[in-house]
Amino acid sequence: MEGFELLGSLTAEQVTADTAAALALGASLGGGPGRAFVGFSVGGHLGLLAGTRLPLDVVAACYPTWTLEGGTPLADDHPPLTERGAAALAAHGTTVLGLVGAEDHIVPPEQWERITERLTTAGVGHDLVTYAGVPHGFLCADRPATHRPAETADAFARILAALAGLSAVPTV
């Protein structure tokens, strides 16, 4: 509950500043040349938002919320996948890995189709995966009612593969 209260006061500028600071810290620790953001639910939203403002190589967005329309004070002003946001992802050369369950009540199939169309139209490289019969939050082992081990294993393998591909990215 406290997290959702704090989300109400979060700004796009704070998301951008925090992401830039995390990337700088990772680089200073020898984290390699790639720039990625992995997020789950609202974290997927934040990753996509950061990717519209910073040059990220990969955004792995797992069941990302509020990407096309509002729904939180942050998304009301800055939904990341507006036409302008998708164009910014394309301009940065960001690839989007999206993972969602077909039974997701927050990111329903119709919205996932619209996200696919938006990314395709903008020229954003993407791999959007839908898991049949799977609900929102399926990656969280602490939620037995929604956790799906087989799909979780596949999703994490895809995320790790996307991150492994960053080692070939030249530094700028």
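Against the criterion of being touching a helix residue (DSSP H, G or I) at 6+ places or on another chain (Cβ under 6 Å) and of a type in the set (K, R), R158 does not qualify.
Across the stretch 1-27, the qualifying residues are those that are outside any helix (DSSP H, G or I) and exposed (fewer than 13 other Cβ atoms within 10 Å of the Cβ), and the one among them that is farthest from the chain's Cα centre (by Cα) is M1.
Taking each residue of the stretch 33-56 that is without any contact (Cβ under 8 Å) to a residue 60 or more places away in the chain and looking for partners that are in a strand (DSSP E or B) and β-branched (V, I, T) with beta-carbon atoms closer than 6 Å, six or more apart or interchain, yields F37/V59; G47/V59; L48/V59; G51/V59.
Yes/no matrix, rows are residues, columns are (1) open to solvent by 70 Å² or more (accessible area, probe 1.4 Å); (2) assigned to a loop (DSSP other than H, G, I, E, B); (3) at pLDDT below 95; (4) closer than 28 Å to A86 by Cβ:
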{"site": "V134", "(1), (2), (3), (4)": "no, yes, no, yes"}
{"site": "T146", "(1), (2), (3), (4)": "no, yes, no, no"}
{"site": "A153", "(1), (2), (3), (4)": "no, no, no, no"}
{"site": "S167", "(1), (2), (3), (4)": "yes, no, yes, yes"}
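Starting from residues that are of a type outside the set (G, A, S) and open to solvent by less than 10 Å² (accessible area, probe 1.4 Å), keep the ones in the stretch 73-96 and report whichever is nearest to L139 (Cα to Cα). Only one residue tops the list, namely V96. Test F138 against the criterion of being open to solvent by less than 60 Å² (accessible area, probe 1.4 Å) and either within 19 Å of A36 (Cβ to Cβ) or of a type in the set (F, W, Y) (or both), and give yes or no. Answer is yes for this residue.
Applying the condition of being β-branched (V, I, T) and open to solvent by 10 Å² or more (accessible area, probe 1.4 Å) to the stretch 38-71 and asking which residue is nearest to the chain's Cα centre (by Cα) yields V38. Of the candidates D104, D142, D127, the single residue that is under 22 Å from L49 (Cβ atoms) and either without any contact (Cβ under 8 Å) to a residue 24 or more places away in the chain or in contact with a Lys or Arg (Cβ under 8 Å, 6 or more places away or on another chain) (or both) is D127. Considering the stretch 68-94, and only residues there that are of a type in the set (S, T, N, Q) and touching a residue at least 40 places away in the same chain (Cβ under 8 Å), the residue that is farthest from H126 (Cα to Cα) turns out to be T72.
The values are calculated or read from the model by the stated rules, or taken from the named source; none is laboratory data. Owing to the predicted nature of the structure, the values given are computational and were not obtained by experimental measurement. Reconstructed Cβ throughout: ideal geometry from the backbone, glycine too, with neighbour counts over all protein chains shown. What goes into the accessible areas is simple: the full protein's heavy atoms, side chains included, and nothing from ligands, DNA or RNA. Shrake-Rupley method; radii C 1.70, N 1.55, O 1.52, S 1.80 Å.
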